[in-house]
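Novice: Here it is: the structure, laid out below.
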Amino acid sequence: MRRRALNCSLADGEIPLSGDFFRAIHSEVWIFILPAAMTLAILVLFLEEVGFFLRNVGQRERWQLSLWILGIYPVFAVTSLIGLYIPRSASLCSFVASIYHSITLWKFLGLITDFFGGKGRMLEQLAGEEVSPSPFPCCCCCCCAMISVSRLSLRWMTVAVFQLSVVRTVLFFVMLVLWTDEKYDYGEVDFLSPNSYMHIIIGASTFLSFYGYLLFYKATKGSLPGYGLQGKFICVTVVLVLFGLQSGILETVGALGAISCSPPFSIDMRSQIIFNYAVIVEMFFISILARFCFRKVEPGNIPIPCRPRENKSVQTEEAGSSGAPEPDRLSVGAGADEALCRIEYAPLDGFDFQGSAGRLGRGDFGPGRADFAPGPPPAQDPALPGPHATRVKAQVDARDPKQGVTLV
């Protein structure tokens, strides 16, 4: 049974209002300004990381996943600071933080998959790999066979991680419903109290999620050199363990009388203050570690230099010239890639010039062109439909058909 301590709070053992809380700490207010300064520093670091990813990481999906993960530290710090200054909102703030943390569980596995280039490529690279079922510190499955990495085994690892999101969200919702009906009491540890069973279920679910993370990490770390996967894994799993177990441990320690009851706060209130204060300090140091692990350009983000495009040209020979090309008019040079259109050549050896000569006229080339020497117009062919049509003879260079045609 839970040992009820003597009343040493402002409001008959209940969680005080924010006004009562600030009146009680006015002589030691500097102690509670420190977590606010840490929270502000965490927010500044996160904003700087946002700017870094927007400037240096070109892959949109990757920097979105990274920012979702890095956002867990300011979210936890802000919700804990609100729960510290407004004590009666602590349960609601924990519920919001748990929802965000549930999202980051998905995002971290998605980030590792993105490092491989997609789920299909990840399965190809991990085919044939084996993972020990008893990695440290989970050594209770030492008698089990090795786990072969396959689509099915990765799916079970993913389910083991994601089940915590569902279990914890549902339990927090049930806790809020019971709290509104005064059936839930923070810090109550009793065989008949729902709070005790909730913490047991959350603890078991947290251990299973951590085990799934550990297997997934062991399976993928060998195939991702240079990505700093170990540091990223530590930053994510430490938050997973602390947030999943710390609250229940403090409530149990308070119920056993390890936390003293001295005015103006009760044991439950002191336990809650310690929890929120500790979360802010922990998030501050873990966010600094995560900054070094996540804030960098990964190997897949290094831009690959583009190969220069080959220039293609169309060359023609003027009538009576020595065979040199005319670069000023028809030659496509190095600046052709910047033009609105490109001129490309094609082989002309299959073109029927004799059958098509009747369809070409002097006017088709525009007035004043130097392609034709001035002279009297030839006699009109009755088969041609125009008074200004002329016959053109073309000769193809048999050695290199791509050199063009010579108009005679």
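Novice: Can you give me the distance in nm between label points at residue 92 and residue 281, each placed 7 Å from the Cα along the Cα-to-Cβ direction?
Specialist: So the label points at residue 92 and residue 281 sit 2.8 nm apart.
Novice: Modelling each spin label as a point 7 Å along the Cα-to-Cβ direction, I'd like the residue 155/residue 48 distance in nm, to one decimal.
Specialist: So the two model labels end up 4.5 nm from each other.
Novice: Tell me, in nm to one decimal, what length is gained between residue 14 and residue 234 on full extension, where the rule is 0.36 nm per residue of separation less the Cα-Cα distance?
Specialist: 75.5 nm
Novice: Run the simple label-point estimate for residue 176 and residue 22 please: 7 Å along Cα→C-beta, distance reported in nm.
Specialist: Roughly 2.5 nm, to one decimal.
Novice: Among 17-25, 286-294, how do they line up by average Cβ neighbours within 10 Å per residue, starting with the highest?
Specialist: Ranking the peptides 17-25, 286-294 by packing returns 286-294, 17-25.
Novice: For the pair residue 289 and residue 145, what calculated FRET efficiency results from E = 1/(1 + (r/R0)^6), where r is the Cβ-Cβ distance and R0 = 45 Å, to the nearest 0.05?
Specialist: So the FRET efficiency works out to roughly 0.80.
Novice: Keeping every protein chain present and rolling a 1.4 Å probe, give me the accessible area per residue for region 161-226 in Å².
Specialist: Computed with neighbouring chains in place, this is 49 Å² per residue.
Novice: Follow-up question, since we're still on this one. Can you figure out the FRET efficiency of residue 32 with residue 60, using R₀ = 60 Å and their beta-carbon distance, to the nearest 0.05?
Specialist: 0.90
Novice: Could you state the number of Å between the C-alpha centres of region 34-83 and region 90-123?
Specialist: 15
Novice: Calculate, for residue 125 and residue 208, the FRET efficiency according to 1/(1 + (r/R0)^6) with r their C-beta to C-beta distance and R0 30 Å; round to the nearest 0.05.
Specialist: 0.70
Novice: Another one. Gain in length, residue 223 to residue 260, computed as 0.36 nm per residue apart minus the alpha-carbon separation, to one decimal in nm?
Specialist: Answer, rounded to one decimal: 8.2 nm.
The values are calculated or read from the model by the stated rules, or taken from the named source; none is laboratory data. Note that this is a predicted model, so its numbers are computed, not measured. In this analysis, Cβ positions are derived from the backbone assuming ideal geometry, glycine residues included, and neighbour counts consider all displayed protein chains. Quick note on the areas: whole protein, heavy atoms, side chains included, nothing else; ligands and nucleic acids left out. Shrake-Rupley method; radii C 1.70, N 1.55, O 1.52, S 1.80 Å.
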